[in-house]
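Trainee: Quick one: the structure is below, and I'll ask about it shortly.
Just so it is clear, none of the values below were taken in a lab; they were calculated from the coordinates. This structure is a prediction, so every number in the text was calculated from the model and none was measured. So basically every Cβ, Gly included, is an ideal-geometry build from the backbone, and we count neighbours across all protein chains shown.
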Amino acid sequence: MSRREWAYPRIATVRHLPNYPNEDQAYRMLNRICEEAQETMERHDMFINVVAEFYPPDDSIYGVNAESGRLVRVRLREPHRRREFLPYDMVYGVFLHE
């Protein structure tokens, strides 16, 4: 996984999948999610170490959290179509759920 640091008060690191099509679009989507979630995270006193894109082989998995929520992974891309992104509102909703 690629690692790029970003300065969010409630999220330490944002990671997208390297060598996938449209890397920059994935990175921008992750950062938009992180930016928009800051107020909610502050209100609930939440902190996440890593927000990461993932592309699991199981088509029905869209997000997971691990390490008691310190690592949140979200699917950004359509199953079996790595070039196509899921709708932003869906991805953001999955992120908030995790």
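Trainee: Any residue at all in the stretch 16-33 that is among the acidic types (D, E), touching a Ser or Thr at 6+ places or on another chain (Cβ under 9 Å) and either assigned to a helix (DSSP H, G or I) or surrounded by 12 or more Cβ atoms within 10 Å (Cβ to Cβ) (or both)?
Mentor: Yes - at least one qualifying residue is present in the stretch 16-33.
Trainee: A further question follows. Where residues in the stretch 39-94 are among the acidic types (D, E) and over 22 Å from P21 (Cα atoms), which of them is surrounded by the most Cβ atoms within 10 Å (Cβ to Cβ)?
Mentor: Checked the stretch 39-94; the qualifying residue surrounded by the most Cβ atoms within 10 Å (Cβ to Cβ) is E42.
Trainee: With the checklist (1) free of Cβ contacts under 8 Å to residues at least 12 places away in the same chain; (2) under 21 Å from D89 (Cα atoms) in hand, flag the one item V14 doesn't pass.
Mentor: Failed condition: (1).
Trainee: Run down A37, A52 and say which single residue is part of a strand (DSSP E or B) and out of contact with any Gly (no Cβ under 9 Å at 6 or more places or on another chain).
Mentor: A52
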